[in-house]
Amino acid sequence: TASFETVLFEKKGRVGLVTLNRPKALNALNAQLIAELNQVLDACEADADIGAIVITGSEKAFAAGADIKEMKDKTFGDVILQDFIAPWERITRVRKPVIAAVSGFALGGGCELAMMADFIIASDTAKFGQPEIMLGVIPGAGGTQRLTRAVGKAKAMDLILTGRHMDAAEAERAGLVARVVPAADLVAEALKAAEKIASFSLPSAMLAKESVNRAFETTLAEGVRFERHAFHALFATEDQKEGMAAFAEKRPPQFKHA
Ligand code: CO8
């Protein structure tokens, strides 16, 4: 496996485990980290033996936002010509399931990165926030849109306009995170969930994810039509035959991810 400076990568069975690794900067997201993360995601997508991806940080920080020191002197000309932030969206085009395992700070771009995953498992120490307003800007990697869809207008406005942090319990109540687990178990629990997902037929997991995402991008009628076509298409896979035969024969299925 290629080695990088700002992210660590390990294969755990059929799961790709990506660890953000700029501990001295609380995993602040700079251009190098995003470039390396994107290379790891490309490799996970290309690897037929990976069925799900977990992205995590350290116990203290998932990521404390975009790297403020790197961005502070950029001009309008710089950011518009570079299309600053565009490379961050690579993760939203990953077709395999992605879990964000969040401990400690997930602020600004860190919260936005976590929200680009398919779901978030948080440790009881997690803190979420969009504090960009305190820096004279606003969220720039989808925070105003994804947070609002996740928690509704009232709490999104509260967090984005005041810059306050939300703890794990509040984030779970609000629907931002799927589960909260003790900090010491975070990575093990996220890997367990990812291993379970990766044990199922990959085509079905990919179409399940794509179908859920349609709920955010189209009307109910179009979304249901998309789901119906995807459901029908899965009857062309060997895994559908195997999954249903195994149920009828009272044995575990042997999926081939095909
Ligand atoms: N950027 C750069 N360095 C950072 C960042 C950051 N976002 N966050 C922390 N660090 C650095 C600190 O500067 C410090 O470095 P040093 O030791 O060299 O002084 C080190 O990490 C440790 O941080 P602290 O000493 O501050 O640790 P504390 O435990 O006292 O505080 C906090 C932790 C509360 C998380 C605090 O560090 C903090 O408020 N950080 C900034 C949080 C923030 O404002 N995030 C939003 C950034 S803006 C953003 O994400 C815009 C997204 C839009 C898209 C942008 C795309 C690029």
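Quick notes on this one:
- Single match in Ala141, Ala150 (criterion: over 30 Å from Thr75 (Cα atoms) and either surrounded by fewer than 21 Cβ atoms within 10 Å (Cβ to Cβ) or within 15 Å of the chain's Cα centre (by Cα) (or both)): Ala150
- The number of residues in region 20-34 that are of a type in the set (S, T, N, Q), in contact with a Phe, Trp or Tyr (Cβ under 9 Å, 6 or more places away or on another chain) and within 9 Å of the ligand (Cβ to nearest atom) comes to 1.
- Residue count for region 6-29, restricted to those that are farther than 23 Å from Pro97 by Cβ and surrounded by 16 or more Cβ atoms within 10 Å (Cβ to Cβ): 5
- Residue count for region 35-53 under the criterion of being within 16 Å of the ligand (Cβ to nearest atom) and open to solvent by less than 10 Å² (accessible area, probe 1.4 Å): the result is 1.
- Qualifying residue in region 65-72 (condition: modelled with pLDDT of 95 or more, under 15 Å from the mean Cα position of the chain (by Cα), among the β-branched types (Val, Ile, Thr) and within 29 Å of Thr125 (Cα to Cα)): no
- The residues listed here are Leu161, Leu176, Leu202; of these, the one that is at pLDDT 95 or above, under 15 Å from the mean Cα position of the chain (by Cα) and of a type outside the set (Val, Ile, Thr) is Leu176.
- The set of residues from region 10-43 being part of a strand (DSSP E or B) and either touching a Leu at 6+ places or on another chain (Cβ under 6 Å) or closer than 21 Å to Lys192 by Cα (or both) comprises Glu10, Lys11, Lys12, Val15, Gly16, Leu17, Val18, Thr19, Leu20.
- Test result for Gly77, touching a Lys or Arg at 6+ places or on another chain (Cβ under 6 Å), farther than 23 Å from Arg149 by Cβ and not aliphatic (A, V, I, L, M): no
The values are calculated or read from the model by the stated rules, or taken from the named source; none is laboratory data. Remember, predicted model here, so these are calculated numbers, not experimental data. Ideal geometry is used to build each Cβ from the backbone, glycine not excepted, and the neighbour counts take in all protein chains shown. For accessibility, only protein heavy atoms count, side chains too; no ligands or nucleic acids. Shrake-Rupley method; radii C 1.70, N 1.55, O 1.52, S 1.80 Å.
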